[in-house]
Amino acid sequence: MKAKLINGRCISSEIKLEVANGVSDFKQEHRIAPGLAVILVGEDPASTVYVRNKQSAAIEVGMVARDIHLENDISQRDLLEQIEMINRDERFHGVLVQLPLPSHIDKNDVIESINPDKDVDGLHPMNMGLLVEGRQRFVPATPAGIQQMLIRSGFNPDGKHVVVCGRSEIVGKPIAILLAQRMSGCNATVTVCHTGTNDLAGVTKQADILVVAMGQPSFVTADMVKEQVVVIDVGVNRVEDSDRKNGYRLVGDVDFESVSGKAAAISPVPGGVGPMTIAMLLANTLKAAQRLV
C-alpha cells in the first residue's frame, strides 16, 4: 500500500488562514499591520522566486511587505547599513536576508547584524541560543514547518526515534534541537547523521521518523528505511528531464517511488516542506509584531 502523503500545501493553507486571522485582530487592536522586509542581494533565480513568493504570501495574509533588491556587487558595509535602516524602521517587525549571499559577503556578520527581535528567520545566535535552552523565540521557519507537518498529520514526535540526515544551521541542527525539547510536540529521541556517519543506512533504518536534508537527489532509498517509517523530505534538487518543457524536474533527497511503497507517510517534492517554510515565516512575523508593539 502506498504511503499517506503529508501535503505541505494543505497544511500551510491552514496555518496561513490562522495567521491571517491573527493579523486581522492585530490591526483592529493596534491600527497598524505587521510588516516584513526581505533583502535580496543579486540575481540568483531561485532566490528571486523565493522572495517573490514570500512577499506575495505576506500581502495575502494582510501584512505590509517590502522587497529590497540590492546589486550583486554591493559592499558588505553598504549591506550592513541597509540592514540597520530596516532594524530602526518601526514599520517592519520582521526582517530577513535571503540566502545564499555572494561570496564576498560574510554570511555570519550579516545574520548577526539583524535585530534579534526582528529575526523572523530565527538564525541570529541569540535566537539559536534560546532554542538550545528550550526558550525559543523564533524557530527557523523550515524546522518549525516540519514540526507542524508531523503534528497536524497525526505523527506527533513525542516518544519517537527521529533520525535527521544533514547538519546544516538552517535545517539539520535546529530541527534536531527542536524535536529533542521536553515540551508538547517534541520530546523525541534524536539522532543526527551526516557525511561522516559510518553505516548511514544502519542508522536510518532505526528511524520512526526520518528527516532528510542532505542536498543530494534521491539519496535515501527503500533499503535504507524500515517499514511504516514517516519521512519528511526537505531536499529540492533539479535533475535533467528531456520530457519536460523546461528540461528539468524537481526531486527531493528521497527516492520517492521506492520509499513511498514502504513508508507509512511521506512528504512530496514539490508540495511538501517548501510551502510550510513560508507559512511559518509569516507566523514568526506576526509573533514579532505582537512582541514589539
* Return a yes/no flag: does the stretch 260-276 have any residue that is open to solvent by 20 Å² or more (accessible area, probe 1.4 Å), touching a Gly at 6+ places or on another chain (Cβ under 7 Å) and in a helix (DSSP H, G or I). => yes
* To do: List every residue pair whose Cβ atoms lie under 6 Å apart, where the two residues are 6 or more positions apart in sequence or sit on different chains, the first residue falls within the stretch 114-128 and is farther than 14 Å from GLN98 by Cβ and among the polar types (S, T, N, Q), and the second residue, located anywhere, is part of a helix (DSSP H, G or I) and at pLDDT 95 or above.
  => ASN115/ASN87; ASN127/PRO116
* Considering residues of the stretch 1-39 that are open to solvent by 20 Å² or more (accessible area, probe 1.4 Å), modelled with pLDDT of 95 or more and not in a helix (DSSP H, G or I) only, the residue farthest from ASP117 (Cα to Cα) -> LYS4
* Asked: Among the residues of the stretch 214-247, how many are open to solvent by less than 20 Å² (accessible area, probe 1.4 Å), hydrophobic (A, V, I, L, M, F, W, C) and more than 22 Å from GLY159 (Cα to Cα)?
  -> 1
* State all residues of the stretch 253-283 that are among the polar types (S, T, N, Q) and free of Cβ contacts under 8 Å to residues at least 60 places away in the same chain; if no residue qualifies, say none. => SER258
* Asked: Could you say which residue among ILE74, ILE151 is closer than 20 Å to ALA283 by Cα, of a type outside the set (Ser, Thr, Tyr) and without any contact (Cβ under 8 Å) to a residue 40 or more places away in the chain?
  -> ILE151
* Starting from the stretch 163-186, take each residue that is more than 22 Å from ASP199 (Cβ to Cβ) and list its partners that are modelled with pLDDT of 95 or more and acidic (Asp, Glu), counting only C-beta distances under 8 angstrom and pairs at least six apart or across chains. => SER184/ASP158; GLY185/ASP158; CYS186/ASP158
* To do: Could you pull out the residue among THR191, THR197 that is free of Cβ contacts under 8 Å to residues at least 12 places away in the same chain, surrounded by 15 or more Cβ atoms within 10 Å (Cβ to Cβ) and of a type outside the set (A, V, I, L, M)?
  => THR197
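The values are calculated or read from the model by the stated rules, or taken from the named source; none is laboratory data. What you are looking at is a predicted structure, and each value in this text was computed from that prediction instead of being measured. Please note: Cβ atoms are built from the backbone with ideal geometry, for glycine as well, and neighbour counts cover all protein chains shown. The protein model used for the area step is the full one, side chains on, heavy atoms only, and it has no ligands, DNA or RNA in it. Shrake-Rupley method; radii C 1.70, N 1.55, O 1.52, S 1.80 Å.
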